[in-house]
Amino acid sequence: MNPKEILKGLLNTAEEKLKSNQYDPDNITKILHLIYSIDDNEECIGYFHRIPNKILQVYASSMPSELEPVMGKYKKAIDEVIVGYPFGFAEAVAGKMVSVFKNTNSSKIKKHSIIIVLLAGRRLNRWSAMGDFDQLLKSIQIEPDAYEVADGLREVIYDYKEMYDRIPKKELHPAIQIVWEQCEKEMKQEQEEF
């Protein structure tokens, strides 16, 4: 059995059912499992982008525990290969991640969504994706989300440090302000070294 052929068939079925505003939970669970099983980063990204946004919204709102590991894998793939993609791909990434972010209550999925937009926007130097990142980051209001996102920003501090000052510290949740201060401190130290 060829998992990629099975995945293509499942995605085609999901797209067909969506035409009549339906989805099969078993079908979409299988899609997640198969995407998670893909080892090639570019294939992982390609298949993830074939998932219709309506289905991603269902995953984000109703199946967060199934979606979270796939989001982690997608984030890793973006981190490792995004620089090889055309600049405009950042908007496609941001569009999917904004949709996921707005339809979930999962702090972990919100963290993955924000970090993925940061990586795509900054590494492909796309202002509109960076703007989406800014809006998502400013929208973080509750403690669990803020602590998850702060941890995620620390994991990609090099990227966040390059654009942390786009949002004034006072507009961020206090947990995220600590990461903002870390960036400010590191930037000052780097300037003093030169």
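The values are calculated or read from the model by the stated rules, or taken from the named source; none is laboratory data. Because the structure is predicted, anything quoted here is derived from the model rather than measured. Virtual Cβ from ideal backbone geometry, glycine too; neighbours counted across all protein chains shown. The accessibility values were calculated without ligands, DNA or RNA, using every heavy atom of the protein model including side chains. Shrake-Rupley method; radii C 1.70, N 1.55, O 1.52, S 1.80 Å.
Among the listed residues Val100, Val70, which satisfies the condition of being part of a helix (DSSP H, G or I), closer than 19 Å to His33 by Cα, without any contact (Cβ under 8 Å) to a residue 40 or more places away in the chain and open to solvent by less than 10 Å² (accessible area, probe 1.4 Å)?
From the options Val100, Val70, the qualifying one is Val70.
Considering only segment 1-37, how many residues are outside any helix (DSSP H, G or I) and farther than 24 Å from Thr104 by Cα?
Number of matching residues: 2.
Restricting segment 1-47 to residues that are among the aliphatic types (A, V, I, L, M) and open to solvent by 40 Å² or more (accessible area, probe 1.4 Å), which is farthest from Val81 (Cα to Cα)?
The selected residue is Met1.
Collect the residues in segment 157-194 that are among the hydroxyl-bearing types (Ser, Thr, Tyr) and either assigned to a loop (DSSP other than H, G, I, E, B) or open to solvent by 40 Å² or more (accessible area, probe 1.4 Å) (or both), keeping them in residue-number order.
Matches in segment 157-194: Tyr158 only.
In segment 107-133, what residues are surrounded by fewer than 23 Cβ atoms within 10 Å (Cβ to Cβ) and over 26 Å from Pro168 (Cβ atoms)?
Residue satisfying the conditions is Lys108 alone.
Which of the following residues is part of a helix (DSSP H, G or I), closer than 22 Å to Leu153 by Cα and either open to solvent by less than 10 Å² (accessible area, probe 1.4 Å) or touching a residue at least 24 places away in the same chain (Cβ under 8 Å) (or both): Ile55, Ile82?
Ile82
Being of a type in the set (A, V, I, L, M, F, W, C) and open to solvent by 70 Å² or more (accessible area, probe 1.4 Å) is the filter here, so list the residues in segment 135-153 that pass it.
Residue satisfying the conditions is Ile142 alone.
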